[in-house]
1. Looking at the stretch 87-104, I want the residues that are touching a residue at least 40 places away in the same chain (Cβ under 8 Å) and have a partner that is hydrophobic (A, V, I, L, M, F, W, C) and in a loop (DSSP other than H, G, I, E, B) with Cβ atoms under 7 Å, at least 6 apart or on another chain. Which pairs are those?
2. Among the residues in the stretch 108-124, are any in contact (Cβ under 8 Å) with a residue 12 or more places away in the chain, within 21 Å of ILE30 (Cβ to Cβ), assigned to a helix (DSSP H, G or I) and in contact with a strand residue (DSSP E or B) (Cβ under 6 Å, 6 or more places away or on another chain)?
3. Could we say that VAL33 is under 27 Å from GLU2 (Cα atoms) and of a type in the set (A, V, I, L, M) here?
4. Could you tell me which numbered condition LEU98 fails, if it satisfies all but one of (1) open to solvent by 30 Å² or more (accessible area, probe 1.4 Å); (2) under 15 Å from ARG8 (Cα atoms); (3) in a helix (DSSP H, G or I)?
5. Let me confirm something: among VAL82, VAL67, VAL33, which residue is open to solvent by less than 40 Å² (accessible area, probe 1.4 Å) and under 24 Å from LEU13 (Cα atoms)?
6. Output the number of the condition that SER88 fails; it satisfies all remaining conditions of (1) assigned to a helix (DSSP H, G or I); (2) among the hydroxyl-bearing types (Ser, Thr, Tyr); (3) open to solvent by less than 50 Å² (accessible area, probe 1.4 Å); (4) touching a strand residue (DSSP E or B) at 6+ places or on another chain (Cβ under 9 Å).
7. Give the residues of the stretch 1-26 that are over 13 Å from ASN45 (Cα atoms) and in contact with a strand residue (DSSP E or B) (Cβ under 6 Å, 6 or more places away or on another chain), sorted by residue number.
8. Can you say whether ASN16 is touching a Cys at 6+ places or on another chain (Cβ under 6 Å) and among the polar types (S, T, N, Q), as far as the supplied structure shows?
Amino acid sequence: MEIFSMIRGHFALLINTPMTTPAQGKEFCIDSVSTKEGDWQIVLNISTRKQAKVYISDILRVYTFIVSCNRPLTQADIDAFVKSSCLSKAITSYVIPLIATFSDIEVVKEPKLTIRFIPLRETL
């Protein structure tokens, strides 16, 4: 489960870093990252002053989908994938900015929101 530890460490470094949802611009931040093996979740503080949980496995599923598509995707594309393939169904607004923290993912908001994989020079 090395990949889960690496992803967990990446997001642990982003605790309390302000992020915004792509469509509505609502602020949220990472409150905590689970440290118990088998409980691979990121806890978010969302704009309603409530908490939301995102499974690291769902983040990896979405990331793999973005990479495998090899084309720019819309939020609707990501949302359809999340609904069909992820454990949590209403996470698209949070997963996109979380994945955007990866150095090989680009999120463009104008003129239309698109998400795409950018191969890094060292991986070519």
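1. If the second residue must be hydrophobic (A, V, I, L, M, F, W, C) and in a loop (DSSP other than H, G, I, E, B), the pairs left are SER93/ALA23; THR101/LEU14.
2. For the stretch 108-124, residues in contact (Cβ under 8 Å) with a residue 12 or more places away in the chain, within 21 Å of ILE30 (Cβ to Cβ), assigned to a helix (DSSP H, G or I) and in contact with a strand residue (DSSP E or B) (Cβ under 6 Å, 6 or more places away or on another chain): absent.
3. Considered against the rule, which asks whether it is under 27 Å from GLU2 (Cα atoms) and of a type in the set (A, V, I, L, M), VAL33 comes out as yes.
4. (1)
5. Details: VAL82 fails: under 24 Å from LEU13 (Cα atoms); VAL67 fails: open to solvent by less than 40 Å² (accessible area, probe 1.4 Å).
Step by step, each of VAL82, VAL67, VAL33 is checked, and only VAL33 is open to solvent by less than 40 Å² (accessible area, probe 1.4 Å) and under 24 Å from LEU13 (Cα atoms).
6. (1)
7. Kept after step one, since they are over 13 Å from ASN45 (Cα atoms), are these residues of the stretch 1-26: 1-13, 22-25.
Across the stretch 1-26, the qualifying residues are ARG8, PHE11, ALA12.
8. yes
The values are calculated or read from the model by the stated rules, or taken from the named source; none is laboratory data. On a predicted model such as this, the values are computed, not experimentally measured, just so you know. With ideal geometry, Cβ positions are generated from the backbone for all residues, glycine too; neighbour counts draw on all protein chains shown. Only protein heavy atoms, including side chains, enter the accessible area calculation; ligands, DNA and RNA are left aside. Shrake-Rupley method; radii C 1.70, N 1.55, O 1.52, S 1.80 Å.
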